[in-house]
Structures are given as structure tokens and as C-alpha cells.
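Readers should treat all values here as calculations from the given coordinates under stated rules, not as data from a laboratory. Computed from a predicted structure; not experimentally measured. Note: ideal-geometry Cβ built from the backbone for every residue, glycine included; neighbour counts use all protein chains shown.
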Amino acid sequence: MKKLLILSLLAAASAASLAKLPALSDEAKAKAAEAAAKTAWSGKVDAYQLCKSQDKVAAAYYKSAKAAGKETKPPVAAPACADPGVFSYTPPEAKPIEAAGAHSPAGTATSPPSTKQPDAVVNPAKKS
């Protein structure tokens with residue numbers, strides 16, 4: 001009896017996990033896009049802070065090596081640390097349906113590619 005109960009609960013749980021989620025609303029999509037932009041900006045800030053700390057450590061090393069009289073190689077030329085600035089999100093502009101490219105091209109719209117002949121006449125079945 002317990003095995004049957006456990007199996008039925010597992011079947012119900014698996015069916016519930018396979019259920020489709022509803023489509024996201026426009027507000028949820030906008031919020032997700034903003035969160036993605038903020039995450040990308042955070043990555044840029046992390047890279048900037050890492051670059052600054054590496055420059056600081058390298059400068060301290062060269063200073064201590066020079067004071068100790070050690071021979072050092074000149075530093076490798078690296079690009080300057082790029083400050084990402086403050087986070088500012090501007091949502092993308094909504095395109096009108098005409099500009100979205102979801103409709104037929106102008107040539108097809110003015111003269112549709114249809115004929116009065118049946119498809120079987122135009123595209124005969126290939127014999128094997």
C-alpha cells in the first residue's frame with residue numbers, strides 16, 4: 001500500500017513539474033531585461049576593480065623591488081582600466097509592427113505568388 005502511495009505521489013509530482021508556465025507579461029520581460037543589463041554592468045564593475053587592484057599590486061611590487069635593488073623587467077603594456085560609470089538602463093524602443101519585419105515583402109503583397117492551377121499540376125509527385 002505504501003509503495004502504491006509513493007508511486008502515485010511521484011507521478012503527480014512529475015506531472016506537475018512538466019506543466020508549462022504561462023508566458024511572461026511585458027512588465028516581467030522589461031524587468032528581466034533590466035536585471036540582465038544590471039548583471040552585465042556589475043561584471044564590468046568587477047573587472048574594473050580587479051584591474052585597479054592589479055595595477056596597485058604591480059606598483060607596490062616594482063617599488064619594493066627597486067628599494068631592494070632587484071632587477072625588474074619593464075611592465076608589459078596593458079590597456080588602461082575602463083571605468084564603467086554609474087548604472088543607467090534605457091529600455092529599447094518598441095518597434096511598430098510595420099518595422100518589425102513580420103509581414104510579407106512589398107512585391108509579394110502586391111502580387112501574391114498564387115496561380116489558378118492545382119498544386120498537383122504545378123508540382124507533380126516524383127515517382128520512385
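Within the option set 20, 31, 3, 38, being surrounded by fewer than 10 Cβ atoms within 10 Å (Cβ to Cβ) and under 30 Å from residue 91 (Cα atoms) holds for one residue only, 20.
Considering the conditions (1) surrounded by 11 or more Cβ atoms within 10 Å (Cβ to Cβ); (2) part of a helix (DSSP H, G or I), residue 12 is excluded by exactly one of them, (1). Taking the conditions (1) surrounded by fewer than 10 Cβ atoms within 10 Å (Cβ to Cβ); (2) part of a helix (DSSP H, G or I) in turn, residue 73 satisfies each one other than (2).
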